[in-house]
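A short reminder: the numbers here are calculations on the coordinates, not readings from a lab. Note that the structure is predicted; figures quoted are calculated from it, not measured. Cβ atoms come from the backbone with ideal geometry, glycine included; neighbour counts cover every protein chain shown.
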Amino acid sequence: MFKKALVKTPCPEMINGISSANLGKPDYAKALEQHQAYISALESCGLEVTVLTADSAYPDSCFVEDTALVTPNCAIITHPGALSRQGETTAIEQALASFYADIAHINSPGTLDAGDMMMVGKHFYIGLSERTNLVGAKQMIPILEAHGLSGSTVAMNEMLHLKTGVSYLEHNNLVVTGEMVSKEEFKPFNKIVIDETEAYAANCIWVNDYVLIPQGRPKAKAAIEAAGYMVITLDTSEFEKLDGGLSCLSLRF
Ligand code: CIR
């Protein structure tokens with residue numbers, strides 16, 4: 001069960017965030033509304049949500065997931081792979097210091113975005129992406145092991161982050177799309193395969209037996225409901241324009 005979440009209000013400069021989506025620039029007012037609805041949804045799942053103030057220096061700073069890994073035992077501040085995002089970690093570390101006595105760090109030349117990390121019980125899969133390098137993963141794994149956890153790497157070619165294409169919904173259920181469908185390491189799971197036309201819904205989040213999914217993906221919604229979950233749909237169109245999904249917008253612990 002998760003009890004808390006940390007989010008950060010999008011800043012007006014988000015319209016200049018990193019993007020490969022070709023969906024146009026986000027509408028800032030709409031993004032704020034969607035962010036508020038996201039916070040309300042987390043609260044309705046029983047989480048106490050800490051909201052950090054917007055920071056104009058970092059257009060992508062609402063995507064807090066990439067800046068830290070939060071586990072039951074420790075927090076690890078990452079070293080994000082995109083240069084323009086590396087300074088985002090300072091505010092996140094300050095905020096996490098209220099919740100964690102034990103904070104470790106990934107350091108240069110290691111890079112790691114925690115959007116590349118997926119928690120399955122005490123194990124963490126680490127995607128080797130354009131943002132997360134092997135040096136970063138090799139720093140992360142011993143930190144996990146020192147805290148009674150474990151980690152292993154997953155090769156990937158097509159996606160921004162590991163969790164762009166795979167989400168763990170507890171109970172051995174894994175939502176997958178694209179290159180994640182056939183990964184050897186994911187063979188032991190019950191797979192809920194998301195159609196390529198709704199691939200964006202593969203980034204969804206389990207929160208205390210609810211599953212939050214993006215709006216407008218009816219096949220994904222039906223498949224996740226059929227697996228026994230209560231589904232909450234949220235409009236994340238303005239974050240999708242920046243390659244961001246539901247998991248990216250919070251740290252849950
Ligand atoms: C970026 O490219 O870093 C942001 N525009 C999107 C980050 C999305 N984060 C995530 O998938 N964990």
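Yes or no, residue by residue, for (1) within 13 Å of the ligand (Cβ to nearest atom); (2) among the hydroxyl-bearing types (Ser, Thr, Tyr):
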| site | (1), (2) |
| --- | --- |
| LYS25 | yes, no |
| ALA29 | no, no |
| ALA37 | no, no |
| ALA54 | no, no |
| PRO59 | yes, no |
| THR71 | no, yes |
| GLN86 | yes, no |
| ALA91 | no, no |
Among the candidates LEU112, LEU144, single out the residue that is more than 16 Å from the ligand (Cβ to nearest atom), in contact with a Gly (Cβ under 9 Å, 6 or more places away or on another chain) and of a type in the set (A, V, I, L, M). LEU144
Which fully enclosed helices (runs of 4 or more DSSP H) of the stretch 153-253 have 2 or more residues being farther than 17 Å from ASP116 by Cα and away from the ligand (no atom under 16 Å from the Cβ)? 218-226
Among the listed residues ALA75, ALA41, which satisfies the condition of being within 23 Å of MET140 (Cβ to Cβ) and either surrounded by 24 or more Cβ atoms within 10 Å (Cβ to Cβ) or among the small types (Gly, Ala, Ser) (or both)? ALA75
From GLU65, GLU88, GLU93, GLU33, which residue is in a helix (DSSP H, G or I), closer than 23 Å to ASN208 by Cβ and among the charged types (D, E, K, R)? GLU65
